[in-house]
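The values are calculated or read from the model by the stated rules, or taken from the named source; none is laboratory data. Computed from a predicted structure; not experimentally measured. Note: ideal-geometry Cβ built from the backbone for every residue, glycine included; neighbour counts use all protein chains shown. SASA here: full protein model, heavy atoms, side chains in, ligands and nucleic acids out. Shrake-Rupley method; radii C 1.70, N 1.55, O 1.52, S 1.80 Å.
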Amino acid sequence: MLRTNTCGELRMTHVSKTVVLSGWVQKIRDKGGMLWIDLRDRYGITQLILEEGQVDAALLTLARSLGREDVITAQGEVIERSSKNSNIPTGEIEIKVGQLHLLNKSKTPPFTIEDDTDGGDELRMKYRYLDIRRTPVRTALELRHRLSIETRKYLDGLNFLEVETPYLIKSTPEGARDFVVPSRMNPGEFYALPQSPQTFKQLLMVGGIDRYYQIVKCFRDEDLRADRQPEFTQIDCEMSFVTREDVLQTFEGLMVHLFNKVLDVQLATFPRMTYADAMTYYGCDKPDLRFDMKFVELNTVVKDKGFPVFDAAELVVGINAQGCSEYTRKQLDALTDFVKKPQLGATGLVYLKCNIDGTYKSSVDKFYSPEELQKWAEAFGAKAGDLILVLAGAPDKTRKALSELRLHLADEQGLKDPKVFKPLWVIDFPLLEWNEDEKRFFAMHHPFTSPLEDDVAYMNSDPGKVRANAYDMVINGVELGGGSVRIHNRALQKQMFSILGFTDEEAQNQFGFLMNAFEYGAPPHAGLAFGFDRMCAIFSGKDSIRDFIAFPKNNSGRDVMIDSPSVIDAKQLVELSLAVKK
Ligand code: ASP
């Protein structure tokens, strides 16, 4: 037997038992007459002890030859430790070794297998199997497992059926770029890897599977950022015979269940916010509600007092940084530099300090009297000690810059508590987005999203005004998932494609299978998908999704461990009709 117990489970109650443990050598301490080995496996660390005179000399010699990460098996008796270690659960006992076997020798690992490692990102990715031995990575994978199990339990309890959809599908032009796979049997033709199972889950609804889910890989050939991977996982869901309200309730329920079971956190009812309000009050469609700093528009308060910048601006809008009136010149300059950087492009930042002593000090004192400044403060409900920060300019750009400033201040003030969770639903997104370069509309979500019933009338006359029956779930400023009530009627779907610039022929070529299906009794349906990797990161209060993926890719989309992508054989290229035979 290679083990009777794990390295995480032995306690005082096991004292005097003979056990066999197996694992990796974490550390060896050799004090001459005594030698200790910290033995590690997935479950924890247990200390082994070998005492000169008490064990075979050959065993001691073997123990002394061991190095970090060697794989060993030890048999021995559980004894009480004389000096206990309260930092680890097995810290009250140790194993008095009777037998010891080396199962496999390890080279010295390129970085230390400890919670805080000396390995950089690339090195850890190259030796990912060693990185996975580290507790932070392992616990990330354990959390992922728990979340998937609890998701399945919850959805299964509501009659959802997990159905697998194909990975080799047809390229669709909407959305991100596709990864494609050449077909050997159909020379010159390609499959595409799914960006999501969207059309298949809708076809499952037509097929009468009225509650579907799948924890599924999706593929998007996009430029990568810290929270993006070319292949990622969704919890993908769809339901028939439901309204938006049913979907929101069902998946708010999923989130409440997951937070409760996995983190023991009880979430309150999720507030709902329209896209329009999110943009007006937070300048973005995924507001972080862990802190306040709601936007206040000042046009009526500040204009026509002789300050040319405000007078010329279409929008004057600000936030109240509570308790920040003591910000120094240097701090304020840094904030000004922040909003002026090219990505944000603000021309300047106006501040108003509501001093502790009740006086006001602003960067535009020349133009505004103390009484007028007091009106600003009132508009924000600001108190003595607060700092008001104001931007002015074109509405979209100004809101975006103020939104970034709001998040920046929250960082500075330590208001982004990773242990606090503030979910909400953002609803009523615009259906379409105008693309100035291509001079045409794009679907903001995807082309299968239904317009809000009240807005269908504008579909032809004013498409830009139409709101979608779409929703996003946002937690702590991160979009965790999104979906919509779908179009289930051929004529409306056809109209949608035509607004998106498809000719009838193109629409029929690319999406005929779906529109045809809509002619055979398609039920009304709606659904959504969650980004599962991101969900894991949120549950752990982390920004990057990388550690929640066992084998992630780097920022260039490479797997540096297996060295992929890579060139393929000339013979393979010919077989795939990607090259001609020489
Ligand atoms: N398929 C959509 C996506 O990947 C989600 C949905 O609408 O259900 O974003």
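Looking at (1) surrounded by 15 or more Cβ atoms within 10 Å (Cβ to Cβ); (2) assigned to a strand (DSSP E or B); (3) more than 39 Å from the chain's Cα centre (by Cα), which one does residue 99 not meet, given that it meets all the others?
Among (1) surrounded by 15 or more Cβ atoms within 10 Å (Cβ to Cβ); (2) assigned to a strand (DSSP E or B); (3) more than 39 Å from the chain's Cα centre (by Cα), the lone unmet condition for residue 99 is (1).
Using beta carbons and a limit of 6 Å, which pairs, at least six apart or on different chains, have the first residue in the stretch 529-549 and in contact (Cβ under 8 Å) with a residue 40 or more places away in the chain and more than 16 Å from the ligand (Cβ to nearest atom) and the second one open to solvent by less than 40 Å² (accessible area, probe 1.4 Å) and not in a helix (DSSP H, G or I)?
Within 6 Å, the pairs are 537/545; 538/475; 546/552.
Can you find, within the stretch 481-503, the residue that is nearest to residue 283 (Cα to Cα) among those that are in contact with a helix residue (DSSP H, G or I) (Cβ under 6 Å, 6 or more places away or on another chain) and aliphatic (A, V, I, L, M)?
For the stretch 481-503, the residue satisfying everything is 485.
From the list 461, 450, pick out the single residue that is in contact with a strand residue (DSSP E or B) (Cβ under 8 Å, 6 or more places away or on another chain), open to solvent by 10 Å² or more (accessible area, probe 1.4 Å) and hydroxyl-bearing (Ser, Thr, Tyr).
Details: 461 fails: in contact with a strand residue (DSSP E or B) (Cβ under 8 Å, 6 or more places away or on another chain).
Sole residue among the options that is in contact with a strand residue (DSSP E or B) (Cβ under 8 Å, 6 or more places away or on another chain), open to solvent by 10 Å² or more (accessible area, probe 1.4 Å) and hydroxyl-bearing (Ser, Thr, Tyr): 450.
Note down all Cβ pairs under 6 Å where the first residue falls in the stretch 195-207 and is closer than 9 Å to residue 517 by Cα and more than 7 Å from the ligand (Cβ to nearest atom), the second is open to solvent by less than 30 Å² (accessible area, probe 1.4 Å) and of a type outside the set (Val, Ile, Thr), and they're at least six residues apart or on different chains.
Every condition considered, the pairs that remain are 203/517; 206/517; 206/522.
Which one of these does residue 537 not meet: (1) in a helix (DSSP H, G or I); (2) of a type in the set (Gly, Ala, Ser); (3) over 21 Å from residue 228 (Cα atoms)?
Status for residue 537: all satisfied but (3).
Can you find a residue that is outside any loop (DSSP other than H, G, I, E, B), over 27 Å from residue 537 (Cα atoms) and of a type in the set (Ser, Thr, Tyr) anywhere in the stretch 204-216?
no
Report whether or not residue 230 is more than 16 Å from the ligand (Cβ to nearest atom), touching a residue at least 60 places away in the same chain (Cβ under 8 Å) and either out of contact with any Ser or Thr (no Cβ under 9 Å at 6 or more places or on another chain) or open to solvent by less than 10 Å² (accessible area, probe 1.4 Å) (or both).
Numbers: more than 16 Å from the ligand (Cβ to nearest atom): no; touching a residue at least 60 places away in the same chain (Cβ under 8 Å): yes; either out of contact with any Ser or Thr (no Cβ under 9 Å at 6 or more places or on another chain) or open to solvent by less than 10 Å² (accessible area, probe 1.4 Å) (or both): yes.
No: the conditions fail for residue 230.
Which pairs do you get when a residue that is farther than 25 Å from residue 130 by Cα, found in the stretch 24-35, comes within reach of a residue that is buried (at least 17 other Cβ atoms within 10 Å of the Cβ), reach meaning Cβ atoms under 6 angstrom, with the pair 6+ apart or on two chains?
Hits for this filter: 35/50; 35/63.
Can you go through 544, 577, 566, 556 and tell me which one is farther than 23 Å from residue 254 by Cβ, assigned to a loop (DSSP other than H, G, I, E, B) and within 15 Å of the chain's Cα centre (by Cα)?
On the way: 577 fails: within 15 Å of the chain's Cα centre (by Cα); 566 fails: within 15 Å of the chain's Cα centre (by Cα); 556 fails: within 15 Å of the chain's Cα centre (by Cα).
Checking each option against the conditions leaves just 544.
All but one of (1) in a loop (DSSP other than H, G, I, E, B); (2) over 18 Å from residue 509 (Cα atoms); (3) in contact (Cβ under 8 Å) with a residue 60 or more places away in the chain hold for residue 146; state the number of the condition that does not hold.
(1)
Quick check on the stretch 451-463. Is at least one of its residues at pLDDT 95 or above and either in a loop (DSSP other than H, G, I, E, B) or within 16 Å of the ligand (Cβ to nearest atom) (or both)?
Looking for residues that are at pLDDT 95 or above and either in a loop (DSSP other than H, G, I, E, B) or within 16 Å of the ligand (Cβ to nearest atom) (or both), one finds at least one in the stretch 451-463, hence yes.
Could we say that residue 516 is away from the ligand (no atom under 16 Å from the Cβ) and at pLDDT below 95 here? Walk me through how you get there before you give the answer.
Working: away from the ligand (no atom under 16 Å from the Cβ): yes; at pLDDT below 95: no.
It is false that residue 516 is away from the ligand (no atom under 16 Å from the Cβ) and at pLDDT below 95.
Return the residues of the stretch 363-376 that are under 17 Å from residue 319 (Cβ atoms) and buried (at least 18 other Cβ atoms within 10 Å of the Cβ); say none if nothing qualifies.
Scanning the stretch 363-376 gives 364, 373, 376.
Just to verify a result, which residue in the stretch 112-129, among those that are among the hydrophobic types (A, V, I, L, M, F, W, C) and either open to solvent by 90 Å² or more (accessible area, probe 1.4 Å) or touching a residue at least 60 places away in the same chain (Cβ under 8 Å) (or both), is farthest from residue 41 (Cα to Cα)?
Looking only at the stretch 112-129, we keep the residues that are among the hydrophobic types (A, V, I, L, M, F, W, C), and these are 113, 123, 125.
From what is left, the residues that are either open to solvent by 90 Å² or more (accessible area, probe 1.4 Å) or touching a residue at least 60 places away in the same chain (Cβ under 8 Å) (or both) are 113, 125.
Values: 113: 12, 125: 21 Å.
Filtering first and then ranking leaves 125.
Scan the stretch 236-294 residue by residue and report those that are within 16 Å of the ligand (Cβ to nearest atom), assigned to a helix (DSSP H, G or I) and open to solvent by 30 Å² or more (accessible area, probe 1.4 Å). Don't jump to the end; show me each part of the working.
Looking only at the stretch 236-294, we keep the residues that are within 16 Å of the ligand (Cβ to nearest atom), and these are 236-240, 242-244, 246-248, 250-252, 254-255, 275, 285-286.
Cutting the leftovers down to assigned to a helix (DSSP H, G or I) gives us 244, 246-248, 250-252, 254-255, 275.
Once the filter is applied, which keeps residues that are within 16 Å of the ligand (Cβ to nearest atom), assigned to a helix (DSSP H, G or I) and open to solvent by 30 Å² or more (accessible area, probe 1.4 Å), the stretch 236-294 yields 244, 246, 275.
Select from the stretch 419-468 the residues that are within 16 Å of residue 278 (Cα to Cα) and in contact (Cβ under 8 Å) with a residue 60 or more places away in the chain and list them in ascending order.
Result: 422, 423, 424, 425, 426, 427, 428, 429, 430, 467.
Looking for something closer than 27 Å to residue 530 by Cα, in contact with a helix residue (DSSP H, G or I) (Cβ under 8 Å, 6 or more places away or on another chain) and within 16 Å of the ligand (Cβ to nearest atom) - is there at least one such residue anywhere in the stretch 410-425?
Yes, the stretch 410-425 has at least one match.
Please specify each residue of the stretch 295-332 satisfying the condition of being open to solvent by 40 Å² or more (accessible area, probe 1.4 Å) and outside any helix (DSSP H, G or I).
297, 303, 304, 305, 306, 314, 322, 323, 326, 328
Check off (1) in a loop (DSSP other than H, G, I, E, B); (2) open to solvent by less than 20 Å² (accessible area, probe 1.4 Å); (3) touching an Asp or Glu at 6+ places or on another chain (Cβ under 6 Å) for residue 47 and give me the number that stays unchecked.
So the condition that residue 47 fails would be (1).
Does the stretch 168-178 contain at least one residue that is within 15 Å of the ligand (Cβ to nearest atom), among the acidic types (Asp, Glu) and crowded, with 18+ Cβ neighbours inside 10 Å?
Checked against the condition, which is being within 15 Å of the ligand (Cβ to nearest atom), among the acidic types (Asp, Glu) and crowded, with 18+ Cβ neighbours inside 10 Å, the stretch 168-178 yields at least one hit.
Does the stretch 77-94 contain any residue that is of a type outside the set (Ser, Thr, Tyr) and at positive phi? Please lay out each step first, then the result.
Taking the stretch 77-94 and keeping what is of a type outside the set (Ser, Thr, Tyr), we get 77-81, 84-85, 87-89, 91-94.
Then drop every residue that is not at positive phi, which leaves none.
Looking through the stretch 77-94, none of the residues is of a type outside the set (Ser, Thr, Tyr) and at positive phi.
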